[in-house]
Amino acid sequence: TKEIKELAKEQGEHYQPEIKIYEHSYRMEPKEGEKFLKSAVEKELKQILETYLKGKTYSAELAPKMNNELCKMILDKLKTMNYPRYKMVVQVIITSATGQNIRVASRCLWDPKVDNYASAIFSNVNYL
């Protein structure tokens with residue numbers, strides 16, 4: 001480049017180096033084969049809930065521990081399902097089935113092209 005600068009000076013021209021423009025090296029969206037598949041995740045959620053809660057009775061003292069264990073099991077399973085560009089949020093609610101209704105709502109910022117959710121409910125005479 002020193003020779004180019006000297007040659008430009010001799011010819012009375014101003015040397016301007018070539019400016020390279022690079023694209024971002026990170027991806028903002030998942031690749032086609034890595035998109036979140038709601039049906040596959042819901043199938044796994046149902047299986048985890050049924051396996052873990054089947055035959056157990058509700059206990060207010062044990063519910064927080066069970067809740068944490070279920071969250072960890074679900075997150076561990078989601079990590080094995082190859083969703084590298086997703087941030088996973090797991091919410092588990094354990095309550096007794098005493099004839100009352102419960103409604104849960106969540107809010108978040110959402111990109112409808114790539115964001116999604118999955119939900120599953122396990123219900124028996126002890127749990128809702």
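The values are calculated or read from the model by the stated rules, or taken from the named source; none is laboratory data. Values in this document were obtained by computation on a predicted structure and should not be read as measured data. Here the Cβ is made from the backbone with ideal geometry for all residues, glycine too, and neighbour counts use every protein chain on show. The accessibility values were calculated without ligands, DNA or RNA, using every heavy atom of the protein model including side chains. Shrake-Rupley method; radii C 1.70, N 1.55, O 1.52, S 1.80 Å.
Things to note:
- Qualifying positions in region 44-77 - aliphatic (A, V, I, L, M), farther than 19 Å from residue 125 by Cβ and without any contact (Cβ under 8 Å) to a residue 24 or more places away in the chain: 75
- Residues in region 70-97 that are more than 29 Å from residue 26 (Cα to Cα), at pLDDT below 85 and part of a loop (DSSP other than H, G, I, E, B): 1 in all.
- Residue check, residue 22 in a loop (DSSP other than H, G, I, E, B) and open to solvent by 90 Å² or more (accessible area, probe 1.4 Å): yes
- Failed criterion for residue 100 (all others in (1) within 30 Å of residue 28 (Cβ to Cβ); (2) of a type outside the set (A, V, I, L, M); (3) surrounded by fewer than 10 Cβ atoms within 10 Å (Cβ to Cβ) hold): (1)
- Assessment of region 69-79 against the conditions (over 16 Å from residue 118 (Cα atoms) and loosely packed, with under 10 Cβ neighbours inside 10 Å) yields no matching residue.
- Listed by first and then second residue, the pairs with beta-carbon distance under 9 Å, at least 6 apart or on different chains, first residue in region 86-113 and over 16 Å from residue 64 (Cα atoms) and touching a residue at least 40 places away in the same chain (Cβ under 8 Å), second assigned to a loop (DSSP other than H, G, I, E, B) and of a type in the set (A, V, I, L, M), are 86/114.
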